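Values quoted throughout were computed directly from the atomic coordinates according to the rules given, and no laboratory measurement underlies them. Just so it is clear, the model here is predicted, and its values are computed rather than measured. Methodologically, a virtual Cβ is constructed for each residue, glycine included, from the backbone with ideal geometry; neighbour enumeration extends over all protein chains shown.
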Amino acid sequence: MDWLTFAEFSLIGLFGGGLLSLVALGFVLIYKGTKVINFAMGEFMMLGAYFVYTAHALLKLPLWLSIAAALACIAGVALLVERLVLRPLSGQPVISVLMATIGLGAMIHGGVDAIWSGQNLEMPQIVPRQPLLWGDVLVPGSIFWSFWVAVALIAALTLYFRFTSTGIAMRAAASDPTTAYALGIDVRRTQQLTWIFAGCVGAVAGMIIASINSLSPALSSTALGVLAVIILGGLDSIAGAIIAGLIVGWLEAIAVGYFGGKVRDLVPYAIVLVILMIRPYGLFGTRDIERL
Amino acid sequence: MSIGTQHASSVVLAVEGVHLGFGGIKALTDVSMSVRKGGITAVIGPNGAGKTSLFNATSGFYRPQRGRVVFEGRDVTRVKPNQRAAMGLARTFQNVALFRGMTVLDNIKLGGHHRLRSNPLQAMAYWGASQREELALRASLEREVLDFLEIDHIRHQPVSALSYGLQKRVELARALAMNPKVLMLDEPVAGMNREETEDMARFILDLQEERGMTILLIEHDMGMVMDISNHVVVLNFGHVIASGTPAEVRTHPDVIEAYLGAHQP
């Protein structure tokens, strides 16, 4: 293996890591905002992709409208989940809430299987596929452009949380709900918004991943590898999620390059195992995290 | 012992016959008190007397089993804390409850959050009404809060970098940013040194004298309470054992007993 191939795999890995960071961001937003680990994140991703598929391939809507409609639907689903599943469970032990999100994931998974069947479906192309050639290094266009979508989305969210009144209120409610409540902030509403944001972020990642590969219920298992990423980053650190996404993307690509495709799924878990032995609270997170 | 009926119209906040219990523990038993407009009312009492429970019931974090809380003539016993805040009941907490990692200005602006009307999508775009609203809020905060509390120079610092006394002052600023009708301060000078305590007492007095602010405070520092309060309510074991002017309360036998034990020194 020469340096050129190494550079190529590294670039593919880093660019591919962008989408992992996006899914990780979905987990972290919900954990920070509501102290819930949402095991149904993969199902949100999957559902977003299926909504786009339905709107575009079956209802023949234009692509941009399909994406907008899919995001609106995901926002609705996130709102329903918050209202019907999470809120009745607020104040219950963490483990009950975790079980509820796992159950929710299974329900969405089964529902998707029943409605759309478990076959592979062809998604419309969302990001350009045209490969980019820099000197002798070749990067698939889909991976390159999906990376920039992830960057744009993460940057937009970061700006929103930093500068808008609603974003600052959401941060306040996440860091100290009692005080936020006393200041007149409607904490329930900010938690609903958190779910909507996280759902939409996950759905965007899901529809792009599905459009690069193909669409099937197996898409949701991507999130499981990403959960490993999040534990690596620390559950409550947005920066940690982004960096960890990139690191794992890179390591996966390098491992695939050197050892072939079969080790790909092994890599994130192996890294996480090692990291957790050294720093059980993640690389960037605070110490008092629920141990699973 | 109770305040005269001739002043009934100037009562802005009243707690009437409140009972509050947690399981077998009675935190408050038939507690009544009233806060007069433009005055400083202090709640004092030994540790565990129920002062903070009374505060929590007043601001809506606890719902009393019996009795009611009346704010500006309206029964607010069942109104949620965030709505009471928007109605003009602002409170601070005993410990420093600032949002760490945010700047002083962001913390203070959050106090004015309920005065903003734009929705999350408008906030996302940050144009038109949303922007005008925020700029107007910021201008009014600068005039009425930052300058007044002399924290103009630290507005862009992260709160975690500030001294304890300044953090408590930023908390007061955030409560003021809520544009309150009644300002509720839970131990505003707890843990402060003498200089910081004097500064805080001066700000509280200025608020009352210059702006006619109505203030309800819980305090352990007896010296400060007796210096600045118009009306003092003494709690012990969840009961009101005395209320009146500082001079009346100071010589009340039950109060002396609660604080110093049965025998007078």
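Which of A:THR222, A:THR179, B:THR52, A:THR5 has the fewest other C-beta atoms within 10 Å, and how do the rest follow up to the most? Spell out each step's value before the answer.
Values: A:THR222 21, A:THR179 24, B:THR52 18, A:THR5 13.
With the fewest neighbours first, A:THR222, A:THR179, B:THR52, A:THR5 line up as A:THR5, B:THR52, A:THR222, A:THR179.
Which whole-number percentage describes the relative contact order of chain B, with Cα contacts under 8 Å and a sequence gap of 6 or more?
On the way: 454 pairs, mean separation 73.6, N = 265.
Relative contact order here is 28 percent.
Given the convex hull of the Cα atoms of chain A, what is a quarter of its surface area in nm²? Provide the component values of the computation, followed by the final result.
Working: hull surface 63.8 nm².
About 15.9 nm², averaged over all directions.
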> To the nearest 10 degrees, how steep is helix A:222-233 against the longest Cα principal axis of chain A, on a 0 to 90 scale?
Replying inline: 70 degrees
>> Calculate log10 I(q)/I(0) of the protein assembly as shown for q = 0.07, 0.08, 0.12 Å⁻¹, where I(q) comes from the Debye formula with a single equal point scatterer on each Cα and nothing for solvent.
In response: -0.52, -0.65, -1.12
> What net charge do the residues around A:GLU8 carry, taking every other residue with its C-beta under 15 Å from that of A:GLU8, with Lys and Arg at +1 and Asp and Glu at -1?
Replying inline: -3
> On average, how many beta carbons from a partner chain sit within 10 Å of the beta carbon of a residue in B:83-90?
Replying inline: 3
>> Please report Rg (one decimal) and Dmax (integer) in Å for the Cα set of region B:225-265.
In response: 10.1, 28
> In angstroms, what radius of gyration and Dmax does region A:88-139 have, counting Cα atoms only?
Replying inline: 20.5, 57
> Taking the alpha-carbon set of chain B, what are its Rg and Dmax in Å?
Replying inline: 19.1, 68
> How far is it, in nm, from the label point at A:GLN119 to the one at B:ASN47 when both lie 7 Å from their Cα along the line to the Cβ?
Replying inline: 7.3 nm
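Looking at this model, which pairs from A:LYS35/A:LYS262; A:LYS32/B:LYS37; A:LYS35/B:LYS37; B:LYS51/B:LYS80; A:LYS32/B:LYS181; A:LYS35/B:LYS181 are more than 31 angstrom apart at the alpha-carbon? Numbers along the way, then the final one.
Details: A:LYS35/A:LYS262 35 Å; A:LYS32/B:LYS37 41 Å; A:LYS35/B:LYS37 41 Å; B:LYS51/B:LYS80 20 Å; A:LYS32/B:LYS181 33 Å; A:LYS35/B:LYS181 34 Å.
Over 31 Å Cα-Cα: A:LYS35/A:LYS262; A:LYS32/B:LYS37; A:LYS35/B:LYS37; A:LYS32/B:LYS181; A:LYS35/B:LYS181.
Show me the ranking of peptides A:32-44, A:49-61, A:117-129 by mean Cβ neighbours inside 10 Å, starting with the highest. It would help to have the intermediate numbers written out before the result.
Values: A:32-44: 24.7, A:49-61: 19.4, A:117-129: 14.6.
Per-residue mean Cβ counts within 10 Å order the peptides as A:32-44, A:49-61, A:117-129.
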